[in-house]
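Shown next, in structure tokens, is the structure this report addresses.
The values are calculated or read from the model by the stated rules, or taken from the named source; none is laboratory data. None of these values were measured; they are calculated from a predicted model. For neighbour counting, all protein chains shown are included, and Cβ atoms are generated from backbone atoms with ideal geometry for every residue, glycine included.
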Amino acid sequence: MEFDQTWLTSEVVERSIGGKSFYFDDLPEENEVSLRLRSEILGWGRARITSDKEDAEIILRVRPGVLATDESYRLESSEGVISVIGNTSRGILYGFYSMVRRMINHQGLNFESTPSQPIRMIDHWDQIDGTIERGYAGESLFFGQYGKNSNPDRKEFSVRDVVGDPFRRDYQRVEFYARMLSSIGINAVSLNNVNVRGLATFLITDPLLDGVADIAQIFTSFGIKTYLAINWEAPKRIKQIKTSDPLDQEVRDFWKEIARNIYNRIPDFGGFVVKADSEGEPGPYQYKRTHADGANMLAEAVEPYGGHIFWRTFVYNSRQDWRDRSTDRAKASSENFLPLDGQFKENVSLQIKFGPIDFQTSEPLTPLFGGLKRTNQVMEFQITAEYLGHQIDINYIVPQWKKVISFDTKYRDVGDSVASCILKEHAIDPEKTGFTSVGNVGMDYNWTGNKLSQANLYGYGRLSWDNELTPEEILDEWINQTFLSIQPKYRKTIYEIMITSNETYKKYNAPLGIGFMVVPSSHYGVSVNGYEYDRWGTYHFADRNGVGVDRSVATGTGFSGLYSDEVARMYEDPATTPDDVLLFFHHVPYTHVLQSGETVIQHIYNTHFDGYEGVLDYIKKWSTLEGVIDEIDYSNVARRLQLQKQNALEWRDQINTYFYRMSGIADEHNRTIYE
Ligand code: GCV
């Protein structure tokens, strides 16, 4: 095959189910998923299907109503026979992949599982010309002509005119991708960028719907619903209607007609993802309507078909004046959406970035979680490493996500106030809650640019399915499956590199939660003041006295007051604010002593020297794998490590020098800081 087999290699198959005989017991009816299951067993699984129960080693049983949800599964093993049980064939499909995984990882085959989050989605930022906004692994799997249009990271995202069929139609690749997603429990995919540019606006209409339908058919068979991102101005652009006002009857009829046509072609179509009034995109504010007006209008259009709207809360003033200290971007989504709590229809979910700004290395949980009490919500993550090293630097992100979803919001009105539970607790339809994340794959041979970035896709799926899993367990599983044939000591080396990699990256990046010291636009590499005087509202306010943004209620922007009383009290006071977000909430002197006991300035120096050393250590460790793992994988990562070393060095020296110049305070350990 022309692409890497990820964690689903033929070795994995051989050591688990290859050659085994499967028996379908009591399958009430065949559907796309049960047919797919059969072809997975025979094709990918290289196993047999027997009609004689006595001959079966693995029995698949659909038992409607036996398990908690239609996605749940149970594995039972007795006297050499394994049973996979589910209410539906979807449950069995998840059970099937779980059985394979558990066999490889020696995790035992008496096991029952129900997903923690009902929605487990991937959003693609793929563009109609084959490029991907914030993509670091080649072109889109869905659009474009690979080879002719190879320009994965152009650092600007306008879309070129497309001549002819925009679809790539590499269905072998899409099928394998769908298998990857289904094997980790993903159940929804949005195909195109939320900035819907150029011809992409027309994906919701004929004839482009044909291409969408072909892709959706593959995803459906793996239990995955397909969504599209829409352009708010579609009524104007597609049908030359004079307005896109959500209360205008012609506009409402337009969307109803669009929905009717889509569901005719794709009966299990998921619905729409919407970025409106955000970073220059059009939206209801143009017509002085609320975001509830906008979302509910679309929700009404898809409602007769069971459709669903994901409405993003990433709405902020992106034309800020740095001189204006009263506007705080961190407050924007709360200011825009808290007043609308309770006004959204049952088939709308607000799609909320986990942090108040934008997928930085360290950010607090956004106060919308817990603040919204009667609204369906999904938490948005970013697997693609926009601010986390572009899939050049090694960065296993799961520890950061785990920390976010485990944050205790300390709201007393709910049974469980931890971030991952609050979604259901405050929903009007708990089934319309969960996680979504910007995907990280492209047409690169290994899907993710850096082979090790596959672990982030794997980890996102596994964590979404089971919020109790630890980053360590997930990494262990991924390494066992991906590097199945190498000796345990080498797997341990890979583990040691990856488990510390998020912390290492954080160490040489912007310090203590301040964020955004990146090169503008591309967001890779250091530029301390790159965003300091710009329009995006992302400032660090370093001066000769100290650094950080005062977001306290007493003297700052008041952002910290948006949390529950207990959490607000914690963030209000620099002494109780956790170190890793201190500068997000407070402007403190360089001599301020952290909870760790270090001063801010010494912490900056120490972490930046350590971070670079960490990368040197990875290079040494990785070199021991030469000749042990596949040469393609070895050199893929080795090459990137050299780039990471350069990146970490530049971060270290520019950050250290900048803060030395600002503070005039020398490093306690007299290491080299350039003047
Ligand atoms: C799709 C950030 C990124 C943009 C992205 C935006 C969003 O600002 O830099 O590329 O646009 O987030 O989430 O909509």
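One residue stands out among those in the stretch 111-139 that are of a type in the set (Val, Ile, Thr) and assigned to a loop (DSSP other than H, G, I, E, B): the one that is farthest from the ligand (Cβ to nearest atom), which is Thr114.
In the stretch 330-352, the residue that is farthest from Tyr524 (Cα to Cα) out of those that are within 19 Å of the chain's Cα centre (by Cα) and more than 13 Å from the ligand (Cβ to nearest atom) is Ser349. Return yes when Val553 is buried (at least 24 other Cβ atoms within 10 Å of the Cβ) and either assigned by TED's automatic domain parsing to the domain that holds Lys331 or farther than 14 Å from Pro364 by Cβ (or both) and no when it is not. In short, no.
The residue that is modelled with the highest pLDDT, among those in the stretch 71-87 that are assigned to a loop (DSSP other than H, G, I, E, B) and more than 16 Å from Ser183 (Cα to Cα), is Asn87. Listed by position, the helices (runs of 4 or more DSSP H) contained in the stretch 544-653 that have at least 3 residues being modelled with pLDDT of 95 or more and out of contact with any Pro (no Cβ under 9 Å at 6 or more places or on another chain) are 565-572, 600-623. Evaluate the following for Arg38: is it surrounded by 16 or more Cβ atoms within 10 Å (Cβ to Cβ), part of a helix (DSSP H, G or I) and free of Cβ contacts under 8 Å to residues at least 24 places away in the same chain? So Arg38 fits the description; yes. Considering only residues in the stretch 358-376 that are β-branched (Val, Ile, Thr) and over 15 Å from the mean Cα position of the chain (by Cα), the one that is surrounded by the fewest Cβ atoms within 10 Å (Cβ to Cβ) turns out to be Thr366.
Kindly indicate whether Gly108 is outside the structural domain of Thr384 (by TED's automatic domain parsing), among the small types (Gly, Ala, Ser) and either part of a loop (DSSP other than H, G, I, E, B) or at positive phi (or both). Judged against the criteria, Gly108 is a match. Inside the stretch 274-303, residues that are buried (at least 16 other Cβ atoms within 10 Å of the Cβ), part of a loop (DSSP other than H, G, I, E, B) and not hydrophobic (A, V, I, L, M, F, W, C) make up a count of 8. Here Ile629 meets the list (1) under 27 Å from Pro488 (Cα atoms); (2) under 25 Å from the mean Cα position of the chain (by Cα) almost entirely, failing just condition (2). Within the stretch 169-181, does at least one residue satisfy the condition of being more than 26 Å from Leu67 (Cα to Cα), within 16 Å of the ligand (Cβ to nearest atom), crowded, with 23+ Cβ neighbours inside 10 Å and aromatic (Phe, Trp, Tyr)? For the stretch 169-181, residues more than 26 Å from Leu67 (Cα to Cα), within 16 Å of the ligand (Cβ to nearest atom), crowded, with 23+ Cβ neighbours inside 10 Å and aromatic (Phe, Trp, Tyr): absent. Quick check on my filter: what residues within the stretch 353-391 are within 14 Å of the ligand (Cβ to nearest atom) and not in a loop (DSSP other than H, G, I, E, B)? Across the stretch 353-391, the qualifying residues are Lys353, Val378, Met379, Glu380, Phe381, Gln382.
Within the stretch 190-225, the residues that satisfy the criterion of being within 16 Å of the ligand (Cβ to nearest atom), touching a Phe, Trp or Tyr at 6+ places or on another chain (Cβ under 6 Å) and not hydroxyl-bearing (Ser, Thr, Tyr) are Leu191, Asn193.
Counting residues that are surrounded by fewer than 19 Cβ atoms within 10 Å (Cβ to Cβ), which helices (runs of 4 or more DSSP H) fully inside the stretch 414-483 reach at least 3?
Passing ranges, in order: 471-482.
Of all residues in the stretch 331-358, those that are at pLDDT 95 or above have Cβ atoms under 9 Å from Cβ atoms of residues that are acidic (Asp, Glu) and within 12 Å of the ligand (Cβ to nearest atom), 6 or more apart or on another chain, in Asn336/Asp277; Gln351/Asp123; Gln351/Glu380; Ile352/Glu380; Lys353/Glu380; Phe354/Glu380; Asp358/Glu386. The condition of being within 16 Å of the ligand (Cβ to nearest atom) and surrounded by fewer than 22 Cβ atoms within 10 Å (Cβ to Cβ) holds for Ser522.
The set of residues from the stretch 313-342 being in contact with a helix residue (DSSP H, G or I) (Cβ under 6 Å, 6 or more places away or on another chain) and in a loop (DSSP other than H, G, I, E, B) comprises Thr313, Val315, Tyr316, Asp328.
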